[in-house]
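Structure first, commentary second.
The values are calculated or read from the model by the stated rules, or taken from the named source; none is laboratory data. Values in this document were obtained by computation on a predicted structure and should not be read as measured data. A quick note on method: Cβ atoms are made from the backbone with ideal geometry, for glycine too, and the neighbour counts reach across all protein chains shown. Note: areas computed on protein heavy atoms with side chains; ligands, DNA, RNA excluded. Shrake-Rupley method; radii C 1.70, N 1.55, O 1.52, S 1.80 Å.
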Amino acid sequence: SMIGLCYMEKLMYNEAVQEFKKGIDTPGYEPEEYLGLQYDLGLTYELMGNSEGAFEAFSSVYEHDSRFREVSAKLKELRKKVKQKGRDSSPGGNVSYV
């Protein structure tokens, strides 16, 4: 977790993602530690502009503990962004036929 946070601080987001995933995949931690890693992964994805990845990470945290940090607010905020992106990328979304 600390290595990932250091990478985040240095704006090395891809490296931070790898470290958080490594921690999540390592057995033997307390459940709250995994939630922290997953939450930090979500924050990193959010900083990268990856709304879908952030939404997925925060959703995983919410499933286990809906009161963990401000995960509910994060999901509410990201839900709007993910829906907006879905509309923007739909085929023919802004095409006008005459």
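Calculated FRET efficiency, Glu15 to Arg79, Cβ-Cβ distance, R0 = 30 Å: about 0.60 to the nearest 0.05.
Against the main long axis of the alpha-carbon atoms of the chain, helix 31-48 sits at an angle near 40°.
Contour minus end-to-end for Glu32 and Arg67, with contour as 0.36 nm per residue of separation and end-to-end as the Cα-Cα distance?
Gain in length upon complete extension: 11.4 nm.
Ranked from largest, the principal axis spans of the Cα set of the chain equal 62, 29, 20 Å. Look at the alpha carbon pairs under 8 Å that are at least 6 residues apart: their mean separation over the length of segment 1-81 gives a relative contact order of 22 percent. Rolling a 1.4 angstrom probe over the protein heavy atoms with all chains in place gives segment 5-65 an accessible area of 59 Å² per residue.
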